[in-house]
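Computed from the coordinates by the stated procedures, all read-outs in this text should not be read as laboratory data. This is a predicted model, so every value here is computed, not measured. A quick note on method: Cβ atoms are made from the backbone with ideal geometry, for glycine too, and the neighbour counts reach across all protein chains shown.
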């Protein structure tokens, strides 16, 4: 029995007739960039996120970059963010000439620690960029209180539909940045992303920035990007969006089943399971455990037994070579560094079957001699 980390074949097969019909609409309309399908998707996404607006763009990475550009982030500015995230979280800051300032994370949720944020704020802080990692919202209530008037840009690439205290990811700060990368809970068939916001002025600027800073053709108010969402992607995503909550609920059920199985096999002293805040909706874009000892050996053993895994993330951002100019050293952010040595993502996709999960946990138990 082969169990990949992610398998989209069943999902795509089920939706194939609808997807093919949606792609046919684009072929018939010749509306390949932006257009009616993108307009409709943006309205549907805004409604889903409980925000006034959604703005499609070319990727989740561009979503972050566009918002920071709209805020005027540049040389001399600092943006506080987490070191435990995908590279785009910090690269957007650096690309604009600003300085990423890394705050350590909470050991249970892997999300940015609000108390560490409070120690880093100064008069150069232009924005705070928390990440809702693996599908669970960061502690936005405390972050908002700490931030005061500083804009909060939510990196919600892994968290569409996640909630904190009844509020959807992307609706809590000034803007939310989302990805349609195929591995996401709402994944496209290529790259894509969007930005959510309730701020009309920000929306108008983002609409221009995604088309080279142009409000009117061939007239450029700002220097922007070519970051437009394709009609093909929008058409596919409109087919998938009505299924999103069902898929996220299935991921949550799989996470609950893992919890029961790890307890049943007596592995809780060797495996630290994902923490789930009681006031949140965790959508489990990834199911990430901590392996107290022999993480890499366990991963190799699982691979030999046909089980896919991954490490999110093996090198914290503050220790990446490209950020060496920031002068961070190993030991500066110990919680993130320890997590990088211990985390392991297991399969959790919606179509994962109970017998497959049983094999995953049985194989881990066998590795540890349980």
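D by Stokes-Einstein for the stretch 22-71, Kirkwood Rh over Cα pairs, 25 °C, 0.890 mPa s: 200 µm²/s. Ordering of 87-93, 328-334, 48-54 by packing is 87-93, 48-54, 328-334, highest average first (other Cβ atoms within 10 Å, averaged per residue). Separation of the stretch 87-151 and the stretch 201-267, taken as the distance between their Cα centroids, equals 20 angstrom. Note on residue 220 and residue 338: the extension gain reaches 37.8 nm, defined as 0.36 nm multiplied by sequence separation minus the Cα-Cα distance. Label point 7 Å out from residue 276 along Cα-to-Cβ: which residues of the stretch 345-367 have amide N under 17 Å? Within reach of a label on residue 276: 346-354, 357-358.
In the calculated pair-distance distribution of the chain, the portion above 33 angstrom amounts to 30 percent of the Cα-Cα pairs. Of the peptides 261-270, 316-325, 176-185, the order by per-residue mean of other Cβ atoms within 10 Å, starting with the highest, comes out as 176-185, 316-325, 261-270. Taking 7 Å steps out from each Cα toward its Cβ at residue 144 and residue 16 produces label points 4.5 nm apart. The average projected area of the stretch 243-367, computed from the convex hull of its Cα atoms over all directions, is 9.4 nm².
Label-to-label distance, residue 320 versus residue 43, with points set 7 angstrom from Cα along the beta-carbon direction: 3.8 nm. The simple Förster model, with R0 at 51 Å and r as the Cβ-Cβ distance, assigns residue 245 and residue 94 a FRET efficiency of 0.90.
Note on residue 303 and residue 8: their simple-model spin labels are 2.3 nm apart, each label 7 Å out from Cα toward Cβ.
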